[in-house]
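Provided herewith is a single structure, encoded as C-alpha cells, for subsequent inquiry.
The values are calculated or read from the model by the stated rules, or taken from the named source; none is laboratory data. Here the structure is a predicted model, which is why all the values come from computation and not from measurement. Because the Cβ atoms are built from the backbone with ideal geometry, glycine has one as well, and the counts that use them run over all protein chains shown. Accessible surface areas use protein heavy atoms only, side chains included; no ligands, DNA or RNA. Shrake-Rupley method; radii C 1.70, N 1.55, O 1.52, S 1.80 Å.
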Amino acid sequence: RRSAWEMLAYPDTDMQKLVTIWPELDDMDAPIARQLEIEGLYKNYLARQDADIAAFRKDEGLVIPDGLDFAAVPGLSNEVADKLSQSRPATLGAAARISGITPAALTVLLAFIHRHQKHVA
C-alpha cells in the first residue's frame, strides 16, 4: 500500500493518474497539484541530498593528510587537483570553501581519504 504522495515519486505517475484512484484529488487547484507533482517526484532526491549534507557536516573537520598528492586522487579533475595543491587545505571543510571545488569533488576526496586511512590503520 502506498499513499498518493509516495506514488508521485514514480516518474510515470502524475496527478491525472492519481485522480483515477482518488477522484477527490480532482478538486485541487491546478497550480497546487502541479507543485505537488514536482515535489513528489523529487522528494527522494532531496532526502538523499539532505543525507549527503549531514554526512558532509559530520566529516567537515576531517583532516587531509599532509603531503597528499591531489593529482593522484582518482576522479578529481586536473583543475580541482591544482586548486587543492595550491591551497593545501588542512580539512575537508577548508577544501569546501575554496572557489571552484564542487560537492562531487569533495565526495571523491572524502572517499579517498577514508580509503587511505583504512590502509594506514
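State whether one or more residues within segment 70-84 are among the basic types (Lys, Arg), open to solvent by less than 90 Å² (accessible area, probe 1.4 Å) and in a helix (DSSP H, G or I). Full working, then the answer.
Step one: of segment 70-84, the residues among the basic types (Lys, Arg) are 83.
Checking the rest, the ones that are also open to solvent by less than 90 Å² (accessible area, probe 1.4 Å) come to 83.
So of that shortlist, the ones also in a helix (DSSP H, G or I) come out as 83.
Within segment 70-84, one or more residues are among the basic types (Lys, Arg), open to solvent by less than 90 Å² (accessible area, probe 1.4 Å) and in a helix (DSSP H, G or I).
Ok, one more. Does segment 9-29 contain any residue that is under 26 Å from the mean Cα position of the chain (by Cα) and not in a loop (DSSP other than H, G, I, E, B)?
Within segment 9-29, the subset under 26 Å from the mean Cα position of the chain (by Cα) is 9-14.
Now restrict to residues that are not in a loop (DSSP other than H, G, I, E, B): none.
No, there is no match, as no residue in segment 9-29 is under 26 Å from the mean Cα position of the chain (by Cα) and not in a loop (DSSP other than H, G, I, E, B).
Give just the number: which of (1) open to solvent by less than 80 Å² (accessible area, probe 1.4 Å); (2) under 20 Å from Gln49 (Cα atoms); (3) outside any loop (DSSP other than H, G, I, E, B) does Gly61 not satisfy?
Answer for Gly61: the failing condition is (3).
Kindly indicate which of Glu60, Glu37 is closer than 26 Å to Tyr10 by Cα and in contact (Cβ under 8 Å) with a residue 24 or more places away in the chain. Lay out the reasoning, then the answer.
Numbers: Glu60 fails: closer than 26 Å to Tyr10 by Cα.
Going through Glu60, Glu37 in turn, just one is closer than 26 Å to Tyr10 by Cα and in contact (Cβ under 8 Å) with a residue 24 or more places away in the chain: Glu37.
Please verify whether segment 8-16 includes one or more residues that are open to solvent by 60 Å² or more (accessible area, probe 1.4 Å) and among the β-branched types (Val, Ile, Thr).
No.
While we're looking at this one, here's another question. Mind listing just one residue for me: the one in segment 97-114 that is closer than 14 Å to Lys83 by Cβ and polar (S, T, N, Q) and, of those, most open to solvent (accessible area, probe 1.4 Å)?
The qualifying residue most open to solvent (accessible area, probe 1.4 Å) is Ser99.
Open to solvent by 40 Å² or more (accessible area, probe 1.4 Å), at pLDDT 90 or above and of a type in the set (Asp, Glu): is that true of Asp52 in this structure?
Values: open to solvent by 40 Å² or more (accessible area, probe 1.4 Å): yes; at pLDDT 90 or above: no; of a type in the set (Asp, Glu): yes.
Spelling it out, it is not the case that Asp52 is open to solvent by 40 Å² or more (accessible area, probe 1.4 Å), at pLDDT 90 or above and of a type in the set (Asp, Glu).
What are the residue pairs meeting all of these: first residue in segment 66-78, first residue farther than 13 Å from Arg88 by Cβ, second residue in a loop (DSSP other than H, G, I, E, B), Cβ atoms under 9 Å, and 6 or more apart or on different chains?
Ser77/Thr102
Test Pro31 against the criterion of being out of contact with any Lys or Arg (no Cβ under 6 Å at 6 or more places or on another chain), modelled with pLDDT under 90 and not basic (Lys, Arg), and give yes or no. Walk me through it before giving the result.
Details: out of contact with any Lys or Arg (no Cβ under 6 Å at 6 or more places or on another chain): yes; modelled with pLDDT under 90: no; not basic (Lys, Arg): yes.
No, not satisfied.
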